[in-house]
Amino acid sequence: PLATTGELVTRAAQVRSAVAAFNVITLEHIEAVIAGAESAGTPVVLQVSENAVKFRYGRLLPLARAAVAAAEGAAVPVALHLDHVQSDDLLRQAAGAGFGSVMYDAARLPYAENLAATRAAADWAHAQGLWIEAELGQVGGKDGRRPLDAHAPGARTDPDQARDFVARTGVDALAVAIGSVHAMTTRTAALDHGLLKRLSAALTVPLVLHGSSGVPDDGLVAAVTGGIAKVNVGTALNIAMTRAIRDFLAAHPEAVDSRKYLSVGREAMIQEVVRIIGVLGGAPG
Ligand code: G3H
Ligand code: ZN
C-alpha cells in the first residue's frame, strides 16, 4: 500500500534503524525497488528527483502516476518522495501528484539564503500536509558537477548551525554532509562518524544520508547506528542495471526485443535492492 515517508522514517528513527530510499527513473526501476522490498519484507521509499523529471521531458505525472499505482499494489508499505527539488514550480506539483514528502534542496546557497528559501518551502509543505527534508552543508556530486572538497568550509554540516537551521526552518528531517558524495561508482567514501555523532546529539529530527551508493557496507551500518534514519541510493541501481544490460547485449548481439534486456536489467536491480536492504538490516514494518 501507499505509505508516507514521514511515518516510515519516524518509525525507523525510534528504533535506530533506517528506511532505504531508492531513486527511480524508469518503470523498471519502480518495479525493481518494490519487488526487492517485497522480497526483503520491508517498507521502502521510491524517490523521484528533479533531475529524473528533467529526463522525463520535465513531466512529473507519468512517472508519478506509475509509482502511485505500483505502490498501491505493493505487498509492503511504499512511500513516494520528490527528491532534490530546486524549482518552486516542481515543488508545488508534489501534493497533487501523490507525493507525501519532498526534499527541498537549497544547499548550494549561502546559509542565510538556504535558511530563508527552506523556511518558505517548509511552510508551504506543511500547509499541504507534506513531510519535508532539507540539506545543510553540501553532499555535492550531482549532475556530474565536480564535488566540493569534502573538507572545504561549508561542505560538511556544522552541528550548531544545523540546530539553528532546523529550529528556524521547521523541517522534518535533515540531509547531512558527513563525507559521502553523489554518483560515486566505487564504494570508497569514508564517513566522518564523529561528526555524525555530534549532529545526532545536536538534533532531534531524523538524519538522512545522501550519496549512499559510494559508502561501503560497514560505513552504512555505522551510519545507521549513528543516527541516520533514511538512506538515499540512486547510482547503485544504475550500475547494476547498466552492467547487466551491457553483458546481456554483448552475449546476445542478435537481441532486439527490449523486454529481453530490460528484464535482465530489472532483475539485477532487484538483487541490488535486496542486498542494500540487507546491509541496512531492514526497516520496521
Ligand atoms: O538523493 C539521492 C541520493 O543521494 C542518491 O545518491 O546516486 O550517489 O546513491 P547516489
Ligand atoms: Zn541526494
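Values quoted throughout were computed directly from the atomic coordinates according to the rules given, and no laboratory measurement underlies them. None of the values given here were measured: they were computed from a predicted structure. Ideal geometry is used to build each Cβ from the backbone, glycine not excepted, and the neighbour counts take in all protein chains shown.
With the dipole of the chain worked out from charges on the C-beta (+1 for Lys and Arg, -1 for Asp and Glu) around the Cα centre, which of Gly137, Gly100, Leu191 lies farthest toward the positive end?
The residue sitting farthest along the positive end of the dipole is Leu191.
With each pseudo-label sitting 7 Å past Cα toward Cβ, what's the Asp257-Ala167 distance in nm, one decimal?
For Asp257 paired with Ala167, the spin-label model returns 6.3 nm.
Give the distance, in whole Å, between the Cα centre of region 95-120 and the Cα centre of region 237-285.
Using only Cα atoms, the two centres lie 32 Å from each other.
What is the percent of Cα-Cα separations in region 1-151 that go past 23 Å?
So the pairs more than 23 Å apart make up 37 percent of the total in region 1-151.
So how strong a dipole does region 2-280 carry about its Cα centre when Lys and Arg Cβ are +1 and Asp and Glu Cβ are -1, to the nearest 20 debye?
It works out to roughly 140 debye.
Once label points are set 7 Å from the Cα along Cα→Cβ at both Glu72 and Ala116, what is their separation, rounded to one decimal in nm?
The two pseudo-label positions are separated by 4.2 nm.
Please list 24-31, 188-195 highest first by mean number of surrounding beta-carbon atoms within 10 Å per residue.
The packing order, highest mean first, is 24-31, 188-195.
Would you work out the Kirkwood radius for region 82-145? I mean one over the mean of 1/r across all pairs of different Cα atoms, in Å.
With all distinct Cα pairs of region 82-145 included, I get 12.0 Å.
Report, to the nearest 10°, how far helix 61-72 tilts away from the longest principal axis of the Cα atoms in the chain, using its own Cα long axis and a range of 0 to 90°.
The answer is roughly 80 degrees.
Using Cα pairs under 8 angstrom and six or more residues apart, how large is the relative contact order of region 99-246, in percent?
20
Would you calculate, for the chain, the mean residue ellipticity at 222 nm contributed by helices, counting each DSSP H stretch of 4 or more residues as -39,500 (n - 2.57) and dividing by all residues, to the nearest 500?
Helix contribution divided over all residues of the chain: -14500 deg cm²/dmol.
Could you grab the relative contact order for the chain? Cα pairs under 8 Å, six or more apart, rounded to a whole percent.
Answer for the chain is 23 percent.
With Kirkwood's inverse mean 1/r over C-alpha pairs for Rh, give me the Rg to Rh ratio of the chain, two decimals please.
0.95
Can you order the peptides 261-273, 166-178 by their average number of other Cβ atoms within 10 Å per residue, highest first?
So the order, starting with the most tightly packed, is 166-178, 261-273.
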